[in-house]
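The values are calculated or read from the model by the stated rules, or taken from the named source; none is laboratory data. Owing to the predicted nature of the structure, the values given are computational and were not obtained by experimental measurement. In this analysis, Cβ positions are derived from the backbone assuming ideal geometry, glycine residues included, and neighbour counts consider all displayed protein chains.
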Amino acid sequence: MRSLRRAAPPLLALPILAVLGGCDAVVMNPAGDVAVQQRDLVLISTGLMLLIIIPVMILTCLFAWKYRAANKEADYDPHFDHSTPLELVIWAAPLLIIICLGAVTWTSTHLLDPYRPIERTAPGKKVAQDVRPLEVQVVSMDWKWLFIYPEQGIATVNQLALPVDRPVRFRLTGTSVMNAFYVPTMAGMIYTMPGMETALHAVINKPGTFDGFSSHYSGAGFSDMNFKVYAMQDGAFDQWVAGVKGEQGSLSRATFVQLEKPSEKVPPMRFSAVAPGLFDLVVNRCVEPGKPCMSDVMMHDRKAGGDPHKIEAGEGNPPVNNTGPMHGDATKGALQKSPDEIETAPHQSKEPLPAPGNTDPGNAKNRRMSFTTTPRIPGTAGVDRG
């Protein structure tokens, strides 16, 4: 009976270990060079932090054991208050670790900037100057992903195919609430927002099928807002493109308007042709015929200030800082200006005019103000209140 009791905890842990055995730590086992560098950053940062965490945990247990009440041989100094060597260790070790973490984080943040084109496809393998990145335009919807290949003239829904060892430039936007495009095995996540465009540069180095999804909650169909990523060799990718072009179905502007309506558990879809400039229309929120584009509206306001009579004259709104040029050199701060350069901005409110006061006592603007004449005292002659 005792042996069964001792064996019970390990036996109970077996189902948990079996479940964990089926997990794929894809973040720690990526298939793209950018994701590999991000994994290394995580490991380096964790290792640097453990340099202080592990000794502190060990020393905590050691001190508790050494200075326990039962140990009468332990030294006890109730008047101890300072030790220079101990202070140096306590403060120098964390400070050095923080400096190292800051340096690693700062350099990695710039090297792994999603807007920065990648300079290598693998360690020691730089991108050749004649290699053009594959451009993929990504549109997040409720609740599906649209991928447009402008160079190939095709589009897919919830299906992303990429060639191996070729840089990929993603241009991303959205049609509804904010989402986050994330393929853990390829690169970090990047947000998509309506009316805005973000960018992500990445590469995938291993053929295979991987998972992509939205890592930002966006509503009822969020759980099924997933897609498959197919990494292929160049020949297989060309065949895949040819297969999509051979199918029926074109992604016109009218089709897009219907596609962006909320829908859940959308199966993969493929379009053999795409309306010209569709992604730019999505960014400017003017896919619907007759709807003005944001860029046109902003240009109109910039040129005319909302006044249609100023369009032909070419007059525009002054900049917020009226002392600075529209383009070119940076504007001067207030402390850098001479007294002659300091002026009143055209959008600043004018100084309020003084109230009429004694010059016009009956004016309505004088109401709720202090009396300008002596009030009449009951029973005596006087002047009525103004």
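Just a few scattered comments:
- Residue satisfying condition, being crowded, with 19+ Cβ neighbours inside 10 Å and within 23 Å of residue 277 (Cβ to Cβ), within set 156, 121: 156
- Taken over region 269-284, the residue count meeting the criterion of being of a type in the set (Gly, Ala, Ser) and closer than 19 Å to residue 297 by Cβ is 1.
Rundown of residues vs (1) at positive phi; (2) surrounded by 12 or more Cβ atoms within 10 Å (Cβ to Cβ); (3) at pLDDT below 90, yes/no style:
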| site | (1), (2), (3) |
| --- | --- |
| 16 | no, no, yes |
| 22 | no, no, yes |
| 26 | no, yes, yes |
| 34 | no, yes, no |
| 38 | no, yes, no |
| 46 | no, no, no |
| 57 | no, no, no |
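- Top-ranked residue of region 203-215 - restricted to ones that are over 16 Å from the mean Cα position of the chain (by Cα) and in a strand (DSSP E or B), ranked as farthest from residue 173 (Cα to Cα): 208
- Residue that is modelled with the highest pLDDT, among those in region 222-235 that are more than 21 Å from the chain's Cα centre (by Cα) and under 13 Å from residue 267 (Cβ atoms): 228
- Screening residue 136 on (1) under 17 Å from the mean Cα position of the chain (by Cα); (2) of a type in the set (Val, Ile, Thr); (3) within 22 Å of residue 224 (Cβ to Cβ) shows it passes everything except condition (1).
- Within region 164-183, if we keep just the residues that are more than 13 Å from residue 283 (Cα to Cα) and of a type in the set (Val, Ile, Thr), the residue that is surrounded by the most Cβ atoms within 10 Å (Cβ to Cβ) turns out to be 183.
- Of all residues in region 59-90, exactly one satisfies the criterion of being modelled with pLDDT of 90 or more and either among the aromatic types (Phe, Trp, Tyr) or within 39 Å of the chain's Cα centre (by Cα) (or both), namely 65.
- In region 184-200, the residue that is surrounded by the fewest Cβ atoms within 10 Å (Cβ to Cβ) out of those that are of a type in the set (A, V, I, L, M) and in contact (Cβ under 8 Å) with a residue 40 or more places away in the chain is 196.
- The residue of region 201-216 that is surrounded by the most Cβ atoms within 10 Å (Cβ to Cβ), among those that are of a type in the set (Ser, Thr, Tyr) and touching a residue at least 24 places away in the same chain (Cβ under 8 Å), is 214.
- In region 217-248, residue surrounded by the most Cβ atoms within 10 Å (Cβ to Cβ) [restricted to those that are assigned to a loop (DSSP other than H, G, I, E, B) and of a type in the set (Ser, Thr, Tyr)]: 218
- Residue match in region 101-117 (condition: under 30 Å from residue 224 (Cβ atoms), modelled with pLDDT of 90 or more, touching a His at 6+ places or on another chain (Cβ under 7 Å) and not small (Gly, Ala, Ser)): yes
- Residues of region 249-275 satisfying the condition of being in contact with a helix residue (DSSP H, G or I) (Cβ under 9 Å, 6 or more places away or on another chain), part of a helix (DSSP H, G or I) and surrounded by fewer than 13 Cβ atoms within 10 Å (Cβ to Cβ): none
- Strands (runs of 3 or more DSSP E) lying entirely in region 71-180 (those with 1 or more residues that are assigned by TED's automatic domain parsing to the domain that holds residue 270): 134-141, 144-149, 154-157, 159-163, 168-174
- Neighbours by Cβ (under 7 Å, 6+ apart or cross-chain): first from region 98-113, farther than 11 Å from residue 45 by Cβ; second surrounded by 10 or more Cβ atoms within 10 Å (Cβ to Cβ): 112/34; 112/37; 112/38
- Residue check, residue 265 in contact (Cβ under 8 Å) with a residue 24 or more places away in the chain, assigned by TED's automatic domain parsing to the domain that holds residue 151 and on the phi < 0 side of the Ramachandran plot: no
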